[in-house]
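The values are calculated or read from the model by the stated rules, or taken from the named source; none is laboratory data. This one's a predicted model, so the numbers in the text were calculated from it and none came from an experiment. Here the Cβ positions follow ideal geometry from the backbone for every residue, glycine too, while neighbour counts run over all protein chains shown.
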Amino acid sequence: MERKVRVRFAPSPTGPLHMGGVRTALYNYLFAKKNGGDFILRIEDTDSHRFVPGAEDYIMESLAWCGIAIDEGVREGGPHAPYRQSERREIYLQYALQLIDSGHAYYAFDTPEELAAIRSAAEAEGKTFAYDFRVREKLATSLALSPEEVRRRIDAGEQWVVRFRMPENEEVHMHDLIRGDVTVNTSTLDDKVLYKSADALPTYHLANIVDDHLMEISHVIRGEEWLPSLPLHYLLYRALGWSDTQPQFAHLPLLLKPTGGGKLSKRDGDKMGFPVFPLRWVSPEGETARGYREDGYFPEAFVNMLALLGWNPGTEQEIFSMDELIEAFSLERVSKSGARFNPEKTRWFNAQYLHAKTDEEVAGLLLPLLRKKGVEADLAKTTRIVALLKERATFVSDLWDLSSFLFIAPQEYDAKGTAKFWKGENPARIAALREVLAGIGDFTKENAERIVHDWIVAREYPMGQVMNSFRLTLVGASSGPSIFDICEIIGKEETLRRIDTALEKLGR
Ligand code: GLU
């Protein structure tokens, strides 16, 4: 029988979720939905030293913002609840003990101070210390001490850890769905800690394997940084007798800096002016980091951009809805090599999504911003303005910069434009134009344009000079949309008023 696809996103709540983490969640989600499977959110919080308050909520809010729906998780519950590892703590010890009983793991009693001393002694000799088969029988472990001594130490309340007994000189053959076959010799690997008595908690490796097994995970899709742990994970499945139902693995390529070299970091974002987090983050210490949401990105654009960062559909298509991504996604088309982040392209995606919305939809998004600026505008007028300017905007907020003069008369006039156009006979021509405009009954764009045009031609005035000085009175600048669009939107009265103000302020 085909196994039901069940994947999990398993972040540790150690801070805000980096966009690389969001991409991991997204690929898991796409893979699950493509294959009619379940997407599980498991919080891996067994490292109490690295726990950051607020990080878990941040993770969930980020996924919700992106439209990544969770089938089973901390809030959603599910057949394998709880989904927070700190609440599953009593599950893990039995597996650590099982591994000791079967000879796959052992107790180690070295204190952190002793280990630090051994490490620096090795360093002094120019070596790096590894806790492995070369030393485990010479240190304070249950492989070296008598069973009675081990019992005595445990009963006396000495602290211990359980370490995996990495086999010596064995080739571990692994398969990765993205990278293909990988082989590693175990002699290059150390004996990882699986469990610590000090806080009665498993480490990542043990908790991760036990939970993936108990939660019936079919595929593990995660970042490349976990590839070095894969041999240990294979051997843990084998040691626990779970090889038959072990999940398949896929390790995703890194997200690289826009310049290519190295992993994309918050520092790159700060330097180059883009967020690396989905949402704004305020740390418990009060440090803040910007987020895509607060920077004005649509979640659909952010998700679309992320999906293509390491995966390609094999076609020229670039714009994908979530449903289209689900339809098109496959792990076979995820690349092995790092994916370079492109902030410019990310803005481009946002512009595409903005332009694809109806004028009325965008107007609805712009209205609250107008209100914040103290402008009360109606939907109809705002929609008309959006229609005129949408194509020039990347973010909704750009529309304010592009259109504020349509709501508020210019308070000042661009010096360059004034010097260039408000000279010679132009002010007098504008004064005369004012009377022409005042006489127009049907003040629509087409009608006003025709009348003004004919008037300028009949007088043999220089068209560019007159129109540019006219624009200056309306906009206060030499740029903006077509003059008669502006006239129609602000209306006859306001057009005349703006000319009067300009004549007054700039002189006739
Ligand atoms: N808790 C690990 C992390 O923070 C999960 C790694 C995995 O998916 O196995 O990335």
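Report whether or not Glu361 is closer than 30 Å to Ala32 by Cα, modelled with pLDDT of 95 or more and surrounded by fewer than 17 Cβ atoms within 10 Å (Cβ to Cβ). Taking the combined requirement at face value, the residue does not satisfy it. Scanning the stretch 418-465 for residues that are assigned to a helix (DSSP H, G or I), closer than 26 Å to Leu388 by Cα, more than 50 Å from the chain's Cα centre (by Cα) and among the aliphatic types (A, V, I, L, M) gives Ile430, Leu433, Val436, Leu437, Ala438, Ile451, Val452, Ile456, Met463.
Going by the conditions given, is Asp199 among the acidic types (Asp, Glu), surrounded by fewer than 18 Cβ atoms within 10 Å (Cβ to Cβ) and modelled with pLDDT under 95? Give the steps one after another, and end with the answer.
Working: among the acidic types (Asp, Glu): yes; surrounded by fewer than 18 Cβ atoms within 10 Å (Cβ to Cβ): yes; modelled with pLDDT under 95: yes.
Criteria met by Asp199.
Do we find a residue being under 16 Å from Leu177 (Cα atoms) and assigned to a loop (DSSP other than H, G, I, E, B) anywhere in the stretch 278-286? The answer is no, given that none of the residues of the stretch 278-286 is under 16 Å from Leu177 (Cα atoms) and assigned to a loop (DSSP other than H, G, I, E, B).
Per-residue answers, yes or no, for (1) surrounded by 15 or more Cβ atoms within 10 Å (Cβ to Cβ); (2) within 11 Å of the ligand (Cβ to nearest atom); (3) closer than 17 Å to Arg42 by Cα; (4) at pLDDT 95 or above:
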residue	(1), (2), (3), (4)
Asp191	yes, no, no, yes
Leu194	yes, no, no, yes
Asn208	yes, yes, yes, yes
Arg222	yes, yes, yes, yes
Pro228	no, no, no, yes
Ala239	yes, no, no, yes
Thr245	no, no, no, yes
Leu254	yes, no, no, yes
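Counting only residues that are hydrophobic (A, V, I, L, M, F, W, C) and surrounded by fewer than 18 Cβ atoms within 10 Å (Cβ to Cβ), the stretch 76-99 holds 4 of them. Out of the stretch 66-81, which residues are part of a loop (DSSP other than H, G, I, E, B) and of a type in the set (A, V, I, L, M, F, W, C)? Result: Ile68, Ala69, Ile70, Val74, Ala81. Going by what's in this entry, would Val276 be described as farther than 19 Å from Val396 by Cβ and surrounded by 21 or more Cβ atoms within 10 Å (Cβ to Cβ)? Yes.
Among the residues making up the stretch 405-446, those that are under 30 Å from Leu370 (Cβ atoms), of a type in the set (S, T, N, Q) and either modelled with pLDDT of 95 or more or surrounded by 19 or more Cβ atoms within 10 Å (Cβ to Cβ) (or both) are Thr418, Thr444.
For the structure I just gave you, tell me whether Glu216 is of a type outside the set (Phe, Trp, Tyr), assigned to a loop (DSSP other than H, G, I, E, B) and within 16 Å of the ligand (Cβ to nearest atom). In short, yes. Of all residues in the stretch 82-127, those satisfying the criterion of being among the hydroxyl-bearing types (Ser, Thr, Tyr) and part of a helix (DSSP H, G or I) are Ser86, Tyr92, Tyr95, Ser120. Quick one: would you say Ile68 is β-branched (Val, Ile, Thr) and under 30 Å from Arg23 (Cα atoms)? It is true that Ile68 is β-branched (Val, Ile, Thr) and under 30 Å from Arg23 (Cα atoms).
Can Tyr234 be described as surrounded by 19 or more Cβ atoms within 10 Å (Cβ to Cβ) and either at positive phi or away from the ligand (no atom under 16 Å from the Cβ) (or both)?
Numbers: surrounded by 19 or more Cβ atoms within 10 Å (Cβ to Cβ): yes; either at positive phi or away from the ligand (no atom under 16 Å from the Cβ) (or both): no.
Judged against the criteria, Tyr234 is not a match.
Looking at Leu99, is it among the aliphatic types (A, V, I, L, M) and closer than 22 Å to Tyr195 by Cβ? For Leu99, the condition - among the aliphatic types (A, V, I, L, M) and closer than 22 Å to Tyr195 by Cβ - is met. The set of residues from the stretch 265-311 being more than 15 Å from Gly15 (Cβ to Cβ) and in contact with a strand residue (DSSP E or B) (Cβ under 8 Å, 6 or more places away or on another chain) comprises Tyr292, Leu309, Gly310, Trp311.
Just checking, which of Lys390, Lys357, Lys373, Lys416 is within 21 Å of Ala502 (Cβ to Cβ) and either of a type outside the set (A, V, I, L, M) or in contact with a Cys (Cβ under 6 Å, 6 or more places away or on another chain) (or both)?
Just a single option satisfies the conditions, and that option is Lys416.
Screening Asp454 on (1) in contact with a helix residue (DSSP H, G or I) (Cβ under 9 Å, 6 or more places away or on another chain); (2) of a type outside the set (A, V, I, L, M, F, W, C); (3) exposed (fewer than 14 other Cβ atoms within 10 Å of the Cβ) shows it passes everything except condition (1).
Is it true that Ala25 is within 12 Å of the ligand (Cβ to nearest atom), at negative phi, part of a helix (DSSP H, G or I) and touching a strand residue (DSSP E or B) at 6+ places or on another chain (Cβ under 6 Å)? First the steps, then the outcome.
Details: within 12 Å of the ligand (Cβ to nearest atom): yes; at negative phi: yes; part of a helix (DSSP H, G or I): yes; touching a strand residue (DSSP E or B) at 6+ places or on another chain (Cβ under 6 Å): yes.
Yes, satisfied.
Could you tell me how many of the residues in the stretch 33-47 are of a type outside the set (D, E, K, R) and either within 16 Å of the chain's Cα centre (by Cα) or more than 14 Å from the ligand (Cβ to nearest atom) (or both)? Step through it out loud before you land on a result.
At the first step, the residues of the stretch 33-47 found to be of a type outside the set (D, E, K, R) are 35-37, 39-41, 43, 46.
Checking the rest, the ones that are also either within 16 Å of the chain's Cα centre (by Cα) or more than 14 Å from the ligand (Cβ to nearest atom) (or both) come to 35-37.
So the count comes out to 3.
Checking each residue in the stretch 1-18 for being more than 14 Å from the ligand (Cβ to nearest atom) and touching a strand residue (DSSP E or B) at 6+ places or on another chain (Cβ under 9 Å) picks out Lys4, Val5. The single condition among (1) more than 14 Å from the ligand (Cβ to nearest atom); (2) more than 25 Å from Tyr297 (Cα to Cα) that Ile68 does not meet is (2).
Just checking, does the stretch 169-188 include any residue being among the small types (Gly, Ala, Ser), within 14 Å of the ligand (Cβ to nearest atom) and out of contact with any Gly (no Cβ under 7 Å at 6 or more places or on another chain)?
Just the residues of the stretch 169-188 that are among the small types (Gly, Ala, Ser), to begin with: 180, 187.
Within this subset, residues satisfying the condition of being within 14 Å of the ligand (Cβ to nearest atom) are none.
Among the residues of the stretch 169-188, not one is among the small types (Gly, Ala, Ser), within 14 Å of the ligand (Cβ to nearest atom) and out of contact with any Gly (no Cβ under 7 Å at 6 or more places or on another chain), which makes the answer no.
Name the single residue that is nearest to the ligand (Cβ to nearest atom) among those in the stretch 48-58 being in a helix (DSSP H, G or I) and within 22 Å of Ile209 (Cα to Cα). Filtering the stretch 48-58 for residues that are in a helix (DSSP H, G or I) and within 22 Å of Ile209 (Cα to Cα), the one nearest to the ligand (Cβ to nearest atom) comes out as Arg50.
Among the residues of the stretch 45-72, those identified as surrounded by 19 or more Cβ atoms within 10 Å (Cβ to Cβ) and in contact with a helix residue (DSSP H, G or I) (Cβ under 9 Å, 6 or more places away or on another chain) are Asp45, Thr46, Ile59, Ser62, Leu63, Cys66, Ile68, Ile70.
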